[in-house]
Amino acid sequence: RFFSTELNVTPDTPPAFIWHTANDEIVPVENSLMLAAALSRNGVPFELHIYPDGPHGLALAEDRPDVRAWASLCVKFIQSTPQ
């Protein structure tokens, strides 16, 4: 329970930007979906992006034009989220 992020979401959890690849073989995409659902239930602002393809650990995904947009989307999310 301690390490399951989705089980530890409260209304005081900070806003979250989440991105994942659907075929990540290390961490199932369902983990991000469960986190997004928990944030929604608790009224916490979030943005979720699921990219169809890519291995785990892409970081900034600079060599993946289909995924690398996540960083600029995250900046926009942070700038538009009330503090």
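Every number in this text was worked out from the coordinates using simple rules, so none of it is lab data. Not measured: the values here are computed from a predicted model. No Cβ is skipped: glycine too gets one built from the backbone with ideal geometry, and neighbour counts run over all protein chains shown.
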Choice from Pro45, Pro65, Pro11 with maximal GNM fluctuation in the chain (Cα, 10 Å cutoff): Pro65
Choice from Leu33, Leu60, Leu48 showing the highest fluctuation, given a GNM over the chain with Cα pairs closer than 10 Å: Leu60
Computed helical MRE - 222 nm, the chain, DSSP H runs ≥ 4 contributing -39500 (n - 2.57), nearest 500: -9500 deg cm²/dmol
Vicinal HN-Hα couplings computed from phi for the range 62-78 (Karplus, 6.51 cos²θ - 1.76 cosθ + 1.60; Hz; Gly/Pro x): 4, 9, 10, x, 6, 10, 4, 4, 4, 5, 5, 5, 5, 4, 4, 4, 4
Positive-end residue of Ser40, Ala22, Leu73, charge dipole of the chain with Cβ unit charges: Ser40
Extension gain from Val75 to Thr5, taking 0.36 nm per residue of separation minus the Cα-Cα distance: 23.0 nm
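Let me spell out the model: positive unit charges on the Cβ of Lys and Arg, negative unit charges on the Cβ of Asp and Glu, origin at the Cα centre of the chain. What dipole size does that give, in debye rounded to 20?
Numbers: 5 positive and 10 negative charges, 62 e Å.
Here the size comes out at about 300 debye.
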With Cα atoms, 0 to 90° folded angle of helix 29-41 axis to the chain main axis: 30 degrees
